[in-house]
Structures are given as C-alpha cells and as structure tokens.
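See structure below.
Read-outs throughout are calculated quantities, based only on the coordinates presented, and are distinct from any laboratory measurement. Just so it is clear, the structure is predicted and the values come from calculations on it, not from any experiment. Cβ placement follows ideal geometry from the backbone for every residue including glycine, while neighbour counts extend to all protein chains displayed.
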Amino acid sequence: MPKTIIEPFRIKAVEPIRLTTAEQRRELLEAARLNVFKLHADDVLIDLLTDSGTGAMSANQWAAMMQGDESYAGAQSFFRLEKVIQRITGYPFFIPTHQGRAAERILFSVATKPGDVIPNNTHFDTTRANLEYGQAVAVDLVIPEGLQPQNTHPFKGNIDLERVEDLLKRDADRIPFGMITITNNSGGGQPVSLENIRAYSELLKRYDKPLILDVCRFAENAMFIKLREPGMENRTIESIVHEMFSYADGCTMSAKKDGMVNIGGFIALRDERWVEAARNLLILTEGFPTYGGLAGRDLDALAVGLEEVMQEDYLRYRLRTAEYLGQRLQETGIAIVQPPGGHAVYLDAKDFLPHLPKEQYPAWSLCNALYLQGGIRGVEIGSVMFGKRLDDGTETYHSMELVRLAFPRRVYTQSHFDYVAEVLCELKQNAKSVRGVRITKQTRFLRHFTAECDWA
Ligand code: F0G
C-alpha cells in the first residue's frame with residue numbers, strides 16, 4: 001500500500017486566489033487598523049482565519065440542496081435532518097439554529113440564570129460571552145497538560161475531574177449543567193478521550209447535573225479516539241461518535257465545522273425539560289422550529305454533511321494535514337502546540353516573538369506579521385481574544401499567546417500548506433523585526449472582532 005495520504009476527492013469547481021505585494025499588504029493592514037478581521041478576503045492569499053463555514057461542499061451536498069423544501073412550517077428538509085441527527089446523537093429533540101452561537105444563546109437563556117457557574121474544559125469565546133452576557137460564570141477546567149504547549153499528552157482536551165469535583169462540592173447549587181468542548185478549540189484543537197467524557201458524565205450524575213457537549217468537531221474528536229485511545233483502533237467512527245453522545249444529555253453544535261456546511265447549527269436534547277422554552281425563544285429570534293433561521297436547502301446539505309464527515313478516509317486525510325504542517329514547522333524550530341490539533345495548527349507566539357511583552361499582544365502581532373510576510377491570515381487566540389480591559393483601565397491577560405492556523409475543510413491542497421510552512425520559516429528568520437501593537441479602540445464583548453490597533 002502506498003503510504004501517501006492523499007486528498008480523498010477530485011476538484012470540480014475552483015476559485016482563483018491572488019498574491020499581493022508586501023507594500024500593498026502593509027497599506028491594506030494599516031487601513032484595517034492592524035486587525036486581520038477587517039481585511040477584504042480577496043486581499044488574502046491563503047485564508048486560515050477559521051475552519052468555520054469555509055469548507056467546500058461535496059457534489060452530493062449540492063445535489064441535496066436542490067431537494068430543499070422551503071415550506072415555512074413542517075418542511076421535509078427538517079424531518080430528513082432530524083432523522084440523521086437523532087440517529088447520530090441518540091437524542092430525540094432537535095432544534096435548528098442559524099449557527100452555533102445562536103444554539104448557545106438559546107440554550108443558556110432557558111437553562112441558566114445570573115450567578116450560575118458552568119464548568120467546561122475551555123469555553124470557546126462565543127460560549128463564554130453568551131454565558132457572561134446572561135451573567136453566568138464560565139469556568140475553564142482543562143487538565144494542566146492542556147495548558148502546556150509542548151506537552152504531548154494524547155488527550156489534552158480532557159477536563160480536570162478533580163477540579164470539577166471541587167467545584168461541585170463548593171458550588172453545586174449554582175451549577176445547572178456541565179459542558180465539554182470536543183475538540184477543545186481554544187486549547188489547541190485538542191481531543192477529549194472517551195474515558196474522560198464517561199467519567200465526567202458519571203461525576204455530574206452523582207450531583208444530578210446534566211452534561212452538555214459542544215460538538216462542533218465531534219468527528220475529528222472521534223478519529224483521534226480511534227487513533228489514540230487504547231482498544232479503539234478497530235471501531236467505526238460512527239460507533240465511537242454514538243458512545244460519545246450516549247454519555248451526555250444534550251449538545252450544541254456549530255454545523256459550520258463538522259457539519260461540512262457554510263451555515264447552520266443546532267441544539268439536540270435527550271429530554272424535554274428545556275425544549276419548549278427553547279422553541280419559544282427560537283420562534284422569537286431565529287424562526288419557526290422546523291427551520292430555525294436556515295433555508296430548507298441548508299438543512300438538507302447538513303443532513304448529507306453529517307454523514308460525509310464520519311468517513312474514515314476523509315478524517316485520516318483531515319488529521320494528517322495538521323500533522324504534516326506541524327512536522328514541517330517543527331523541522332525549522334517553530335514552536336507549536338503539541339501535538340497538532342484536528343482542525344488547526346497553533347503557533348506559540350511567546351516562543352516565536354520572545355522580544356514582545358504581553359502588553360504588546362505577541363499573538364496578535366504574529367498574526368499581522370504572517371499577513372505582511374505572505375498574505376496568510378490566521379487568528380489570534382491570546383490576550384486580545386480572552387483578555388479584558390477592566391473598568392479601572394487595567395488589563396487581564398490570557399495564559400497562552402497562540403496564533404491559530406485553521407484549515408477550511410476540503411479547500412486547500414498540500415502545496416498550499418508547503419507555502420505556509422515556507423512563509424513561516426522566512427518569518428522566523430526575521431522574527432526580531434516583528435512589531436508589537438497597542439489597542440486604540442475596543443468593545444466590551446468579543447473585542448477581537450472589531451478592535452482597532454496601532455503599532456506599539
Ligand atoms: N463552539 C466552538 C468550540 C467553536 O469553535 C465555535 C465557533 C462555536 C462554538 C460557535 O459557533 O461560529 O457557528 O456561532 N468557532 C469558530 C472558530 C468561529 O473560528 O473557531 P458559530
């Protein structure tokens with residue numbers, strides 16, 4: 001058998017991309033107030049800002065879109081998707097939303113109250129923001145290894161059960177449910193083991209608390225379980241996925257990731273307790289319960305995407321892509337979060353730019369430098385995203401300064417990743433010349449999307 005793991009697809013439609021000059025990129029970035037979120041996408045050569053909603057759909061998904069039933073109420077598309085989600089999750093109740101954060105907002109609005117505490121391995125930024133918006137407290141309890149970029153623990157997304165138990169002992173009355181994010185996006189795209197999900201679920205059960213999974217990247221997590229967890233190597237992805245869901249009571253999902261679609265999300269729940277209230281809120285803010293802010297065709301594309309994402313040759317190629325880029329970077333001495341995640345490689349900006357103090361936002365600065373050097377767009381997962389300016393003007397900082405290079409699904413080929421490796425290698429040689437930034441304008445929530453900066 002040849003050893004090369006190939007992209008398991010042919011390309012039927014292509015989009016041109018174009019390289020700008022270094023001079024143009026400097027002007028464009030300065031016009032964007034040193035915030036890559038504000039760039040026009042056609043000024044970006046390789047866009048690794050996110051793996052969310054940026055994937056290429058398959059011929060089967062496009063075909064399924066033609067079957068879309070655009071009826072306002074009771075569309076066939078809803079029932080087709082409901083069947084797939086019920087089969088995959090084992091949960092009877094399915095509530096479509098326009099994307100993941102809408103699922104979060106709706107679930108949290110009906111299931112939390114001010115002062116509640118919600119543990120997670122690491123809350124994603126929208127998850128944390130939606131909880132905080134409702135005055136609940138989001139607590140991150142990933143295992144200590146999950147915060148050590150060089151540690152090669154196979155399941156760095158695991159939650160620290162001892163600390164969860166301490167929290168439960170101390171604050172059980174304030175905890176409406178526990179959450180766990182698979183894979184742990186904000187902690188490096190690291191997987192959670194089946195064993196950890198099971199033990200977490202049992203612990204919560206002892207305190208009569210439900211478990212809610214954030215399942216944006218459930219299939220990637222399942223593939224990691226297959227590759228890394230003892231005794232799992234001969235199981236099908238579908239059976240691993242099924243077991244993951246079996247330990248929980250519900251989930252929120254951004255279908256823009258492992259749903260293989262450009263828009264969509266959902267809540268799925270095992271019992272009725274939050275369903276009616278969630279559907280009522282859905283009607284108020286998203287749409288009727290059988291479309292939830294999506295078109296019928298979106299629901300059909302998702303029904304197909306959820307099946308395709310569990311194909312093993314796809315997942316093997318998917319995880320190999322991150323591993324391949326990770327190896328190339330390591331060969332040139334670039335520190336990344338180890339081991340590479342499922343959907344992304346995370347650069348350790350503190351290591352890359354040791355001359356920049358945290359007050360100058362090293363990960364944000366590395367993002368800017370990567371664009372200037374080669375037209376590549378990544379995203380900061382550091383103190384602009386997770387830090388805060390407090391009312392007294394002081395600032396909080398995140399423990400890690402990472403730049404995430406996230407891979408759109410089925411979009412870029414190996415030579416694109418070779419280019420990324422080459423650009424980073426060049427940048428590494430000039431790392432000392434990379435300049436830090438200061439924030440000149442920001443919002444209270446999710447400031448990274450709109451922050452304006454100047455050179456420090
Ligand atoms: N949970 C996780 C773990 C996520 O990664 C995301 C989105 C969401 C929830 C929210 O979903 O975007 O559909 O509203 N992550 C994207 C990213 C934005 O780039 O990682 P959404």
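For (1) in contact with a strand residue (DSSP E or B) (Cβ under 7 Å, 6 or more places away or on another chain); (2) surrounded by fewer than 18 Cβ atoms within 10 Å (Cβ to Cβ); (3) not in a helix (DSSP H, G or I), each residue gets a yes or a no:
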| site | (1), (2), (3) |
| --- | --- |
| Val275 | yes, no, no |
| Thr290 | no, no, yes |
| Glu307 | no, yes, no |
| Leu315 | no, no, no |
| Glu323 | no, yes, no |
| Pro354 | no, yes, yes |
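Look at segment 162-179 and say how many of its residues are farther than 18 Å from Asp249 by Cβ and either in contact with a Lys or Arg (Cβ under 7 Å, 6 or more places away or on another chain) or of a type in the set (A, V, I, L, M) (or both).
Going through segment 162-179, the residues farther than 18 Å from Asp249 by Cβ turn out to be 162-163, 165-167, 169-171, 173-174.
With the extra rule that they be either in contact with a Lys or Arg (Cβ under 7 Å, 6 or more places away or on another chain) or of a type in the set (A, V, I, L, M) (or both), the set shrinks to 167.
Looking only at that region, the number is 1.
In segment 216-240, which residues are more than 25 Å from Gly265 (Cα to Cα) and within 21 Å of the chain's Cα centre (by Cα)? Step through it out loud before you land on a result.
Our first condition is that a residue be more than 25 Å from Gly265 (Cα to Cα); within segment 216-240, this holds for 226-235.
Hits for segment 216-240 are Lys226, Leu227, Arg228.
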From the residues in segment 4-22 that are closer than 15 Å to Leu319 by Cα and not polar (S, T, N, Q), which one is surrounded by the fewest Cβ atoms within 10 Å (Cβ to Cβ)?
Ile6
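What residue, among those in segment 359-402 that are basic (Lys, Arg) and under 24 Å from the mean Cα position of the chain (by Cα), is farthest from the ligand (Cβ to nearest atom)? Talk me through it step by step, then tell me what you get.
So in segment 359-402, the residues basic (Lys, Arg) come out as 377, 388-389.
Among the residues that remain, those that are also under 24 Å from the mean Cα position of the chain (by Cα) are: 377, 388.
Numbers: Arg377: 12, Lys388: 19 Å.
So, considering only residues that are basic (Lys, Arg) and under 24 Å from the mean Cα position of the chain (by Cα), the one farthest from the ligand (Cβ to nearest atom) is Lys388.
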Matching entry among Arg105, Arg80, Arg87 (being within 16 Å of the ligand (Cβ to nearest atom) and within 21 Å of Val215 (Cα to Cα)):
Arg105
Could you check segment 1-59 and list, in sequence order, the residues that are aromatic (Phe, Trp, Tyr) and in a loop (DSSP other than H, G, I, E, B)?
Phe9
Residue count, segment 125-146 (criterion: within 14 Å of the ligand (Cβ to nearest atom) and surrounded by fewer than 23 Cβ atoms within 10 Å (Cβ to Cβ)):
6
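Which residue, of Thr285, Thr252, is polar (S, T, N, Q), surrounded by fewer than 18 Cβ atoms within 10 Å (Cβ to Cβ), in contact (Cβ under 8 Å) with a residue 12 or more places away in the chain and within 15 Å of the ligand (Cβ to nearest atom)?
Unique residue meeting the criteria: Thr285.
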Which of the residues spanning segment 34-69 are away from the ligand (no atom under 16 Å from the Cβ), among the charged types (D, E, K, R) and buried (at least 17 other Cβ atoms within 10 Å of the Cβ)?
Asp43, Asp69
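Please pick out the residue among Leu347, Leu366 that is part of a helix (DSSP H, G or I), in contact (Cβ under 8 Å) with a residue 60 or more places away in the chain, buried (at least 18 other Cβ atoms within 10 Å of the Cβ) and in contact with a strand residue (DSSP E or B) (Cβ under 7 Å, 6 or more places away or on another chain). Break it down into steps so the answer makes sense when it comes.
On the way: Leu347 fails: part of a helix (DSSP H, G or I).
That would be Leu366, the only listed residue that is part of a helix (DSSP H, G or I), in contact (Cβ under 8 Å) with a residue 60 or more places away in the chain, buried (at least 18 other Cβ atoms within 10 Å of the Cβ) and in contact with a strand residue (DSSP E or B) (Cβ under 7 Å, 6 or more places away or on another chain).
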Conditions: (1) part of a helix (DSSP H, G or I); (2) surrounded by fewer than 20 Cβ atoms within 10 Å (Cβ to Cβ). Ala103 meets all but one. Number of the miss?
(2)
A careful count of residues in segment 403-417 that are among the hydrophobic types (A, V, I, L, M, F, W, C) and more than 16 Å from the ligand (Cβ to nearest atom) gives 1
Within segment 369-396, considering residues that are touching a residue at least 24 places away in the same chain (Cβ under 8 Å) and among the small types (Gly, Ala, Ser), the one nearest to Ser52 (Cα to Cα)
Gly378
Going through (1) touching a Leu at 6+ places or on another chain (Cβ under 7 Å); (2) touching a residue at least 40 places away in the same chain (Cβ under 8 Å) one by one, Tyr133 fails only at (1)
Pick from segment 172-198, criterion within 19 Å of Lys226 (Cβ to Cβ) and away from the ligand (no atom under 16 Å from the Cβ), ranking: nearest to the chain's Cα centre (by Cα):
Ser193
I'd like the full set of residues that are surrounded by fewer than 15 Cβ atoms within 10 Å (Cβ to Cβ) and assigned to a loop (DSSP other than H, G, I, E, B), limited to segment 419-434.
Asn430
